[in-house]
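Novice: Sharing a structure, written as structure tokens. Questions coming.
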Amino acid sequence: MIRCLLVDDEPLALDLLEGYVNDTPFLTLVAKCSNAISAIEKMDEEDVDLIFTDIQMPNLSGMEFSKMILNQGAKIIFTTAFEGFALESYKVNAVDYLVKPISYPEFFSAANKAKKQISSQSTPTKGTSQDEDYIFVKSEYKLIKIVLKDLIYVEGLKDYLKFYTVNSEKPIMSLKSMKSLEEELPGKDFMRVHRSFMVNLKKVTTIDRSRIVFGNKYIPVSEKHKDAFQKFIDSDFSK
């Protein structure tokens with residue numbers, strides 16, 4: 001399923017596109033946003049594969065919005081009442097440029113084009129061999145394999161994650177959300193202990209006043225995650 005975000009300051013346009021998404025078997029709706037700023041906030045919370053966005057919107061235009069999220073991997077389809085921005089849409093690698101009023105056949109054709117592009121670029125991100133579990137993460141223009149038993153902790157910085165491993169002097173940077181990583185990693189081995197930190201429980205050996213210690217790095221355990229982490233301590237450290 002392709003996860004879609006709809007962005008338009010016209011409620012009727014949003015309702016029309018929502019109906020089209022619901023009628024398309026390979027699309028699922030993540031959210032509807034009435035402005036680009038709300039869309040950016042939603043993308044911090046959810047994984048989005050495809051964005052249908054109007055261009056002329058208050059405060060932040062759809063074109064400005066698309067340039068801001070250009071490196072996040074989501075495909076863009078513009079939905080606008082104006083034809084004059086078609087040339088500029090190529091600069092942000094837009095999949096298609098639909099001029100209102102948009103018919104369902106036009107919508108489906110553009111969505112199908114996006115589906116083909118997303119399918120051709122998709123790479124398995126998780127795998128298992130006889131000896132190790134691992135994930136692949138995108139870092140710059142490369143895919144890097146991270147063996148889970150070597151992963152110590154992950155730190156979130158805005159739109160990026162920093163992966164700290166036993167075999168690397170520097171962290172591996174990847175454009176990825178903590179929420180999506182949390183769903184990807186096995187919960188029995190990895191725990192979110194803070195809004196900005198996830199740790200490998202098998203690597204936890206020292207705790208100093210509600211802080212996990214990895215070398216000279218002190219990772220705080222937030223109030224939200226304190227009870228879950230305490231249960232881990234009670235069940236594991238008491239053995």
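Novice: Using the basic label-point model (7 angstrom from Cα toward the beta carbon), what is the residue 47 to residue 9 distance in nanometres?
Specialist: Between residue 47 and residue 9, the simple spin-label model gives 3.3 nm.
Novice: Mind jotting down the distance between the C-alpha centroids of the range 1-51 and the range 158-184, whole Å?
Specialist: 26 Å
Novice: Additional query: Counting other C-beta atoms within 10 Å, which of 4, 33 has the fewest, and how do the rest follow?
Specialist: Listing 4, 33 from fewest to most nearby Cβ atoms yields 33, 4.
Novice: Which residues does a label at residue 60 reach in the range 151-180, if reach means a backbone N under 16 Å from a point 7 Å past the Cα toward the Cβ?
Specialist: Counting only backbone N, you get 158-160.
Novice: Please sort by residue number the trypsin sites (Lys or Arg not before Pro) in the range 132-233 whose DSSP state is loop and whose Cβ has at most 13 other Cβ atoms within 10 Å.
Specialist: When the trypsin sites (Lys or Arg not before Pro) of the range 132-233 are filtered for loop state and at most 13 Cβ neighbours within 10 Å, 158, 188, 195, 209 remain.
Novice: Here is a follow-up. May I ask for the Rg/Rh ratio of the range 126-237, computed from Cα atoms with Rh as the Kirkwood radius, given to two decimals?
Specialist: 0.95
Novice: Projected area of the range 1-103, taken from the Cα convex hull and averaged over every viewing direction, in nm²?
Specialist: Over all viewing directions, the range 1-103 projects a mean Cα-hull area of 5.8 nm².
Novice: Right, something else. Would you mind telling me which residue in 27, 70, 87 has the biggest mean-square fluctuation in a Gaussian network model of the chain, where springs connect alpha carbons within a distance under 10 angstrom?
Specialist: 87
Novice: Would you mind ranking 225, 194 by Cβ crowding within 10 Å, fewest neighbours first? Kindly include the intermediate steps, with their values, before the conclusion.
Specialist: Values: 225 17, 194 21.
So the ranking, lowest neighbour count to highest, is 225, 194.
Novice: Moving on. Take the Cβ-Cβ distance between residue 230 and residue 188 as r, set R0 to 25 Å, and report the resulting FRET efficiency rounded to the nearest 0.05.
Specialist: Here the calculated transfer efficiency is 0.90.
Novice: I need 153, 141, 104 ordered by Cβ neighbour count within 10 Å, fewest first.
Specialist: Least to most surrounded, the residues fall as 141, 104, 153.
Novice: For the range 194-239, what number results from the quotient of the Cα radius of gyration and 2.2 N^0.38 Å?
Specialist: Working it through for the range 194-239, the quotient is 1.07.
Novice: Also, quick follow-up: Based on C-alpha coordinates, I'd like the Rg and Dmax of the chain, in Å.
Specialist: Expressed in Å, the Cα Rg and Dmax of the chain come to 21.0, 68.
Quick note: the coordinates plus some simple rules give every number you see, no bench work behind them. None of these values were measured; they are calculated from a predicted model. Reconstructed Cβ throughout: ideal geometry from the backbone, glycine too, with neighbour counts over all protein chains shown.
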